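Here the structure is laid out as structure tokens; the discussion comes afterwards.
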Amino acid sequence: MKEKVISILLTAVLATGMAACGSDNSAADTSADNTTGNAESTTEASDDSATKPVLTVGMEGTYAPYTYHDENGTLTGFEVDMANAIGEKMGYDVEFVETEWDSITAALDAGNFDAVMNQVTITDERKEKYDFSTPYIYTRPVLIVAADNTDITSFEDVNGKKAAEGLTSNFNEIAKSYGAEIVGQDKFALAMECVLSGEADCAINDELTYAYWKQQKGGDESTKIVAESDDVNASAVMLKKGNDELVEKINTAIDALIADGTVKEISEKYFGLDVSQP
């Protein structure tokens, strides 16, 4: 399978109000860059009828284990493997465009890529503007605090507390719904630093991301989960509305990958369990 990786720095960051709580070298991060022409430029190369159509995919490249760079600098992760598997089923080449999370929807709107794959949770608000594929990730939000924190034991306890959250994430909306004051921090590892330094009292995030971060820290016990949401989040490929043919092709590919066990195999590689099942 032919694989192309494009990494082009954004010249403008759309999000504001980010609070940095320290430097970060961890793979369990969140951010990156962008640019490129619209790839439903699934267009073929001009004079070469044998060239495959191209699917361009926007992702952060710093959100382990979903999208990140390994020790050799190679873009990898669950979403990278999924995108390549989807492209292979579709008969498409896949190109990746690394883009900061806070600007990823604007980049999709601008046609910088065809789709976003970055553990994008399906929400009613997003469905008003974007189309989503068949879900292939199911997980739940968890409430994280410092190990010595005894004041917060439930989601209701975050009322009036400071929560370190990405400003455009669904976890930000959850925290605000419980009355939390938001400390803007899109990188998960830095959100954890905010919690540990006391700049934030807590963080709400994905259970799998937190588990991977702890694993990378050698099972570090400086933080803990005090509550798990009953709501299961479904994540999928996000696309601009109006490209029903491409959505159908992606859905057909995902359905086939779930049926033949490929999604289960990729899931177990990164998480040790099948995340494609609710």
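Considering each residue of segment 50-106, count those that are closer than 22 Å to I254 by Cβ, among the charged types (D, E, K, R) and out of contact with any Lys or Arg (no Cβ under 6 Å at 6 or more places or on another chain), and give that number.
Residues in segment 50-106 being closer than 22 Å to I254 by Cβ, among the charged types (D, E, K, R) and out of contact with any Lys or Arg (no Cβ under 6 Å at 6 or more places or on another chain): 6 in total.
Would you mind telling me which numbered condition in (1) charged (D, E, K, R); (2) assigned to a loop (DSSP other than H, G, I, E, B); (3) under 25 Å from A259 (Cβ atoms) D151 fails?
(3)
Kindly evaluate T168 against the criterion of being over 25 Å from T76 (Cα atoms), in the same structural domain as D220 (by TED's automatic domain parsing) and outside any helix (DSSP H, G or I).
Judged against the criteria, T168 is not a match.
Kindly list, by first and then second residue, each pair from a residue in segment 244-257 that is within 13 Å of S276 (Cβ to Cβ) and assigned by TED's automatic domain parsing to the domain that holds A85 to a residue that is at pLDDT 95 or above and of a type in the set (S, T, Y), limited to pairs with Cβ atoms under 9 Å and residues at least 6 apart or on different chains.
Here the result reads I254/S133; I254/T134; I254/Y136; D255/T134; A256/T262; L257/Y136, each pair linking segment 244-257 to a residue that is at pLDDT 95 or above and of a type in the set (S, T, Y).
Does N112 count as within 30 Å of L246 (Cβ to Cβ) and polar (S, T, N, Q)? Don't jump to the end; show me each part of the working.
On the way: within 30 Å of L246 (Cβ to Cβ): yes; polar (S, T, N, Q): yes.
Criteria met by N112.
Which of the following residues is under 18 Å from L55 (Cα atoms) and surrounded by fewer than 20 Cβ atoms within 10 Å (Cβ to Cβ): D81, D151? It would help to see each step written out before you state the result.
Details: D151 fails: under 18 Å from L55 (Cα atoms).
Criteria check complete, one pass: D81.
Is it the case that some residue within segment 207-221 is surrounded by fewer than 19 Cβ atoms within 10 Å (Cβ to Cβ), modelled with pLDDT of 95 or more and of a type outside the set (F, W, Y)?
No, segment 207-221 has no match at all.
Only one of these conditions is not met by L273: (1) without any contact (Cβ under 8 Å) to a residue 60 or more places away in the chain; (2) in a helix (DSSP H, G or I). Which number is it?
(2) is the only condition that L273 fails.
What residue, of D102, D48, is modelled with pLDDT under 95 and under 30 Å from E181 (Cα atoms)? Working first, answer last.
On the way: D48 fails: under 30 Å from E181 (Cα atoms).
Only one candidate passes the filter, namely D102.
Determine which member of the set E173, E98, E165, E125 is over 12 Å from C202 (Cβ atoms), surrounded by 19 or more Cβ atoms within 10 Å (Cβ to Cβ) and charged (D, E, K, R). Before the answer, list the steps.
Numbers: E173 fails: surrounded by 19 or more Cβ atoms within 10 Å (Cβ to Cβ); E165 fails: over 12 Å from C202 (Cβ atoms); E125 fails: surrounded by 19 or more Cβ atoms within 10 Å (Cβ to Cβ).
One residue alone meets the criteria, E98.
Against the conditions (1) over 21 Å from F171 (Cα atoms); (2) surrounded by 15 or more Cβ atoms within 10 Å (Cβ to Cβ), where does M238 fall short? Just the number, please.
The number of the failed condition is (1).
The values are calculated or read from the model by the stated rules, or taken from the named source; none is laboratory data. What you see is a predicted model, and the numbers here were worked out from it, not measured in a lab. Positions of Cβ are generated from backbone atoms using ideal geometry, with glycine treated the same way; all protein chains shown enter the neighbour counts.
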